[in-house]
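These notes are about the structure you will find just below.
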Amino acid sequence: MRTDKLPLGVWHEPKDYLGIDWKTYNKMPEPYREIDYEEFLKILVCSGWGVVATNFKQLQLPEETGGAASVNFFLLPYNCVAVADIYEYTWSKSKRDQGLKIDSHGKAYHCLRFFKVGCDHKFREMSVKETVERGGIHDGAFCHAYICDKCGTKQTVDSSG
Ligand SMILES: [Zn+2]
């Protein structure tokens, strides 16, 4: 895979990556959608790709009325996922039915909420001609080049086994 477009590194807000607008300091980047922890782990651990960069933000989730959430972003070649940690005391009056709760000394808990950030890709296979015209490399019959027309992300797969 070509790595020249990958946002390698840490604490990174790459431009031109998955159509993500990183917004200002304390806002959730867009687009995003909440996912459950199984989908989060499926993308993060089971997608076949590793994390190439991370980012961290303290921000206010639009639907949260409490304090800021600490959000860790994990950037993979074709996806970005995030987990928000909202720390809350057990005596808080807020009623939470979403998120994964992790006890913190019996008096508080971490409420973890999971997100997929960036484009929900819709890949289509490109012809050899289109692949080359778009600056890609098409190196034979076992090369399959795909593009997401929504965000421009390209993916090349070698099917030779
Ligand atoms: Zn896309």
Enumerate the calculated ³J(HN,Hα) couplings along region 77-88 in order (Karplus 6.51 cos²θ - 1.76 cosθ + 1.60, θ = phi - 60°), each rounded to whole Hz, writing x wherever the residue is Gly or Pro. x, 10, 8, 9, 10, 9, 10, 9, 10, 10, 8, 9
What is the distance, in nm, between label points placed 7 Å from the Cα along the Cα-to-Cβ direction at GLU133 and at SER47? 2.9 nm
Charge tally for neighbours of PRO29 with beta carbon under 9 Å away, counting Lys, Arg as +1 and Asp, Glu as -1, is 0
Using the Cβ atoms and a cut-off under 13 Å, what net charge is assigned to the surroundings of LYS116, where Lys and Arg are +1 and Asp and Glu are -1? -3
When ranked by the protection proxy of mean other Cβ atoms within 10 Å per residue, highest first, what sequence do the peptides 121-130, 54-63, 68-77 form? 68-77, 54-63, 121-130
Could you work out how far apart the two model spin labels at TRP11 and ASN72 are, taking each label as a point 7 Å from the Cα in the direction of the beta carbon, and quote it in nm? 1.6 nm
Sticking with the crude label model, points 7 Å out along Cα→Cβ, report the distance from CYS143 to LYS27 in nm, one decimal please. 4.0 nm
The set of residues whose placed amide H lies less than 5 Å from the amide H of LEU61, leaving out same-chain residues fewer than 5 positions away, is ALA69
For region 47-58, just list the computed ³J(HN,Hα) in residue order, Karplus coefficients 6.51, -1.76 and 1.60, θ = phi - 60°, integers in Hz, with x standing in for Gly and Pro. 7, x, 10, x, 6, 9, 6, 10, 8, 9, 9, 9
For each pair in LYS15/LYS154; LYS27/LYS101; LYS57/LYS154; LYS122/LYS154; LYS27/LYS116, compute the distance between the two Cα atoms and list the pairs where it is over 18 Å. LYS27/LYS101; LYS57/LYS154
Provide the per-residue ³J(HN,Hα) series for region 102-117, in order, calculated from phi with Karplus coefficients 6.51, -1.76, 1.60 and θ = phi - 60°, each as a whole number of Hz, with x at glycine and proline positions. 10, 4, 10, 6, x, 10, 8, 8, 9, 9, 9, 10, 10, 9, 9, 10
Multiply the residue separation of ALA108 and PHE123 by 0.36 nm, subtract the distance between their alpha-carbon atoms, and state the gained length in nm to one decimal. 1.1 nm
Using a 4.7 Å cut-off between beta carbons, which cysteines in the chain end up with no partner cysteine at all? CYS46, CYS80, CYS111, CYS143, CYS148
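Coordinate-derived values only; no laboratory data. Remember, predicted model here, so these are calculated numbers, not experimental data. For neighbour counting, all protein chains shown are included, and Cβ atoms are generated from backbone atoms with ideal geometry for every residue, glycine included.
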